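The values are calculated or read from the model by the stated rules, or taken from the named source; none is laboratory data. Source: prediction; values computed, not measured. Neighbour counts run over all protein chains shown; Cβ positions are idealised from the backbone, glycine included.
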Amino acid sequence: MASMSLVFIGPPAAGKSRAGKRIAQRLKSSYADTDKLFSRDHGAIHEFIPREGEPEFRRLEREIVAAALRDYEVVSLGGGAILDADTQRDLERDEHTVILLVASPAAIEERITGRTNRPLLSGIDSWIATYETRKPIYDRLADLTVDTSFRPMWQVVNDVRRYLKRTNSPLVTRDQGDDETHDTPEVEETAEQ
């Protein structure tokens, strides 16, 4: 059981899943992506919401988030998970380090164009409206904000690692390596993917 978590929050398509997975590998830590856990337990989100409704999705999502924050050391939350008041209270506790990933509308548009697996987004205008509504919550909860726009994932990971080292996070005791300077071929990726 995790006593503290490194938690990635942010708008849809900001790179939370990729960053969370990558940093967990680097820190040799347990990892959970709450959207993936939801899909495993309840089916694809983009099929669940039209069938069952957003309120039921948010209720079940909250249960998954609470369990992930309790059981995993690195957690990537779905973009709207922070709308839940209990989740906000959980993230405000000192034992969690909250990393807000953001990206420019141009970067996001490139990431979401032609994708049908994001049921609450219908294009960049929808994304901007959603982000602007949630931004005050994201900003209030974040310990660190990292812009992922058009950046390779290794740079994003290094930003987070440096912050963890600066704040003496218990997670960095497992990370003895130098900063990454490139992506290896088998993991080459950018935050945009």
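With (1) surrounded by 14 or more Cβ atoms within 10 Å (Cβ to Cβ); (2) modelled with pLDDT of 95 or more as the list, and residue 89 as the residue in question, which single condition is left unmet? So residue 89 meets the others, but not (1). Condition check: surrounded by 24 or more Cβ atoms within 10 Å (Cβ to Cβ), in contact (Cβ under 8 Å) with a residue 40 or more places away in the chain and among the basic types (Lys, Arg). Does residue 16 satisfy that? It is true that residue 16 is surrounded by 24 or more Cβ atoms within 10 Å (Cβ to Cβ), in contact (Cβ under 8 Å) with a residue 40 or more places away in the chain and among the basic types (Lys, Arg). Remark: residue 159 falls outside the filter, which requires a residue to be loosely packed, with under 14 Cβ neighbours inside 10 Å and charged (D, E, K, R). For residue 180, the test of being modelled with pLDDT under 95 and not in a helix (DSSP H, G or I) is passed.
In the range 133-176, what residues are outside any helix (DSSP H, G or I), closer than 25 Å to residue 12 by Cβ and touching a helix residue (DSSP H, G or I) at 6+ places or on another chain (Cβ under 7 Å)? Matches in the range 133-176: 144, 146, 148, 149, 150. Of the residues making up the range 19-46, those that are of a type outside the set (S, T, N, Q), in a helix (DSSP H, G or I) and either at pLDDT 95 or above or within 17 Å of residue 97 (Cα to Cα) (or both) number 15.
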